[in-house]
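Here's the structure we're looking at; comments come further down.
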Amino acid sequence: MSGSGKERYSWYKRLNARWPWLKIGLMFVLLILVAGISNGWWIPRAGLNEERTPKVIAGLTVEAADGPPRAKRENYVGKKLVALTFDDGPSGATTPKLLDILKEKQVFVTFFVLGKNAEANPEIVKREAREGHEVESHTMYHQKLGKMTDSAVAKDINEANSVITEITGNEINLIRPPYGMINQAVRNQAKVPLALWTVDTLDWQSRNASAVKREIMSSVFDGAVVLMHDIYESTVEAVRISVDELREEGYEFVTFSDLAKIRDAEMQNGVAYGSFRP
Ligand code: NI
């Protein structure tokens, strides 16, 4: 028995004598396999990515990664609603201050960002989206699209869309044309609804927080879309002093897309919308 045992193991001894490092090598491979399996490396990549991607359903259920989830649509039915919207940003100087105020007061708004400014401040745009706000396009370079050809309009719009989508990970669902200027080229090339407004605060003109607040309080109505610009200190201050008073009057703050959804508006591509009355 012992003789046959020696014979049986002789191949192993020969192998060991010729390649003494083989044993260590095999153990190393085994260790990597065990570590890999216990770390979940065998799970298909697609499955993991799907779980990590925030789910966006009609702009209503953006789960914020480290902020509060956006309020549910059913909580807003039958309420007085207003959509605060901010153009021309983001600005490194003022937009973060506005975001702090919105976070503190639990107000969700819509940012129509400029592609070139988004490119310069991607972290601010990411924060806007992460904190539950809607981020849409105000085009790439703030040109007068209404005076441009189809191909020039398409180029500007597509460039902005890809820049913003790259940063937020969300598709562009709305475009706010600069100066509210719309022609057939804009209608043809937008491929999404056009977002206008009904309350113009003229914040760019007055640069005065109390004046902006007066404009809001005197013109606001249920379903209004308020136009402001997050690139002015005075506008940030105007938001700070207006939000509580709007709440006292019974207003709830929703994003542009949420307002449309809650009011059952089926927005069409290339068509402009500025309010959603009950
Ligand atoms: Ni603008």
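On full extension, the segment bounded by GLU248 and ASP264 gains 3.2 nm, given 0.36 nm per residue less the C-alpha separation. Which of LYS116/LYS191; LYS80/LYS116; LYS79/LYS144; LYS213/LYS261 have a Cα-Cα distance over 32 Å? From the list (LYS116/LYS191; LYS80/LYS116; LYS79/LYS144; LYS213/LYS261), the Cα-Cα distance tops 32 Å for LYS80/LYS116; LYS79/LYS144.
Please list, by residue number, everything in the stretch 151-173 whose backbone N is under 20 Å from a paramagnetic label point 7 Å out along Cα→Cβ of LYS116. Inside the label zone: 151-167.
A simple spin-label model places pseudo-atoms 7 Å from Cα toward Cβ; at ILE24 and GLN205 they are separated by 8.2 nm.
Summing Lys and Arg as +1 and Asp and Glu as -1 over all other residues whose Cβ lies under 12 Å from the Cβ of ILE182 gives a net charge of +4.
None of the figures in this text is laboratory data; all of them are computed from the coordinates on show. The structure displayed is predicted, hence computed values, not measured ones. Counting neighbours? That spans all protein chains shown, and the Cβs are built from the backbone with ideal geometry, glycine included.
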